[in-house]
Amino acid sequence: MGSFKKYAAEFIGTLVLVLFACGVAGQECTAANGTAGHLITALAFGLVIVAMAYSIGNVFGCHINPAVSIAMLVSGKMSAKDFCGYLIAQFAGAIGGAALLNFIVKDTAKLGTNALYNGSALMSFGIECILTFVFVIAILGVTSRESNGSVAGLVIGGALVLVHLLGIPFTGTSVNPARSFGPALIAGNLEGIWVFLVAPLVGGAAAALVYKFLDSKKA
């Protein structure tokens with residue numbers, strides 16, 4: 001039952017992330033809104049993470065992102081079984097959130113999907129790796145000490161706002177394979193989706209390896 005509750009929490013958290021944050025992105029990231037739309041969208045993603053971190057995160061943790069989960073797996077803080085369970089729950093939650101958002105807005109163009117930067121898979125891959133690396137290493141740092149527990153959610157939410165402020169004009173910012181896949185699937189546009197599935201996982205795993213090296217007690 002314990003594992004089921006953890007997976008249920010991941011499902012709910014990812015659904016809320018896609019419904020609210022991608023919903024705001026779909027409404028605000030237009031040419032008319034420009035920079036203001038980017039700022040509002042970045043804040044939306046950060047605020048959802050803060051809300052989930054201090055709600056479901058208090059009980060079962062709050063990954064709601066396969067890139068975070070793979071970092072925990074590489075760091076030895078998560079079993080392979082739980083990793084698989086988290087991934088299934090996260091992708092299911094993202095699809096559910098996107099479907100619910102589409103039901104509300106009735107416009108697949110407003111689901112907050114990601115897009116390749118200038119049509120380049122290579123450039124987009126590099127951008128997403130860097131953005132995810134920064135986001136995940138911030139998570140690993142702030143969660144490494146129990147004394148940071150009271151502020152961890154704020155730091156993680158702030159880090160997500162930061163990477164969105166830079167990444168939105170390029171790829172729309174993914175840093176989360178589930179967040180990208182759900183809206184793309186419901187919108188019926190999976191072009192280039194592999195970039196947003198693979199790059200965040202690479203960035204997350206790299207962050208875990210680098211943080212493990214930096215945090216090593218050996219000289």
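The values are calculated or read from the model by the stated rules, or taken from the named source; none is laboratory data. Bear in mind that the values here come from a model prediction, so they are computed numbers and not experimental data. Please note: Cβ atoms are built from the backbone with ideal geometry, for glycine as well, and neighbour counts cover all protein chains shown.
If you go through the stretch 59-80 and pick out every residue that is modelled with pLDDT of 95 or more and assigned to a helix (DSSP H, G or I), you end up with 10.
Take the conditions aromatic (Phe, Trp, Tyr) and over 13 Å from the mean Cα position of the chain (by Cα) and apply them to PHE213. Does it pass? Yes: the conditions hold for PHE213. When you look at ILE130, is it farther than 16 Å from LEU197 by Cβ, of a type outside the set (Lys, Arg), surrounded by 24 or more Cβ atoms within 10 Å (Cβ to Cβ) and under 15 Å from the mean Cα position of the chain (by Cα), yes or no? No. Scanning the stretch 17-40 for residues that are buried (at least 20 other Cβ atoms within 10 Å of the Cβ) and closer than 20 Å to GLY96 by Cα returns LEU17, VAL18, LEU19, ALA21, CYS22, GLY23, VAL24, ALA25, GLY26.
Checked against the criterion of being modelled with pLDDT of 95 or more, under 13 Å from the mean Cα position of the chain (by Cα), buried (at least 16 other Cβ atoms within 10 Å of the Cβ) and β-branched (Val, Ile, Thr), the candidates ILE49, ILE12 yield just one match: ILE49. Taking the stretch 82-99 as the range and being of a type in the set (A, V, I, L, M) and surrounded by 17 or more Cβ atoms within 10 Å (Cβ to Cβ) as the test, the residues that pass are LEU87, ALA89, ALA92, ALA94, ILE95, ALA98, ALA99. Taken over the stretch 54-94, the criterion of being β-branched (Val, Ile, Thr) and under 14 Å from the mean Cα position of the chain (by Cα) is satisfied by ILE64, VAL68, ILE70. Here ILE104 clears all of (1) surrounded by 15 or more Cβ atoms within 10 Å (Cβ to Cβ); (2) in a helix (DSSP H, G or I); (3) among the aliphatic types (A, V, I, L, M) except the condition numbered (1). So, GLY13, is that one small (Gly, Ala, Ser) and in contact with a Cys (Cβ under 7 Å, 6 or more places away or on another chain) or not? Against the criterion (small (Gly, Ala, Ser) and in contact with a Cys (Cβ under 7 Å, 6 or more places away or on another chain)), GLY13 qualifies. For the stretch 135-192, the set of residues classified as in a helix (DSSP H, G or I), crowded, with 19+ Cβ neighbours inside 10 Å and hydroxyl-bearing (Ser, Thr, Tyr) consists of THR171, SER180, listed by residue number. Of the residues that make up the stretch 10-18, is at least one in contact with a Pro (Cβ under 9 Å, 6 or more places away or on another chain) and either outside any helix (DSSP H, G or I) or not charged (D, E, K, R) (or both)? Within the stretch 10-18 (the criterion being in contact with a Pro (Cβ under 9 Å, 6 or more places away or on another chain) and either outside any helix (DSSP H, G or I) or not charged (D, E, K, R) (or both)), the answer is yes, since at least one residue qualifies. No other residue among GLY97, GLY112 is closer than 15 Å to ARG179 by Cβ, part of a loop (DSSP other than H, G, I, E, B), out of contact with any Asp or Glu (no Cβ under 8 Å at 6 or more places or on another chain) and in contact (Cβ under 8 Å) with a residue 12 or more places away in the chain apart from GLY112.
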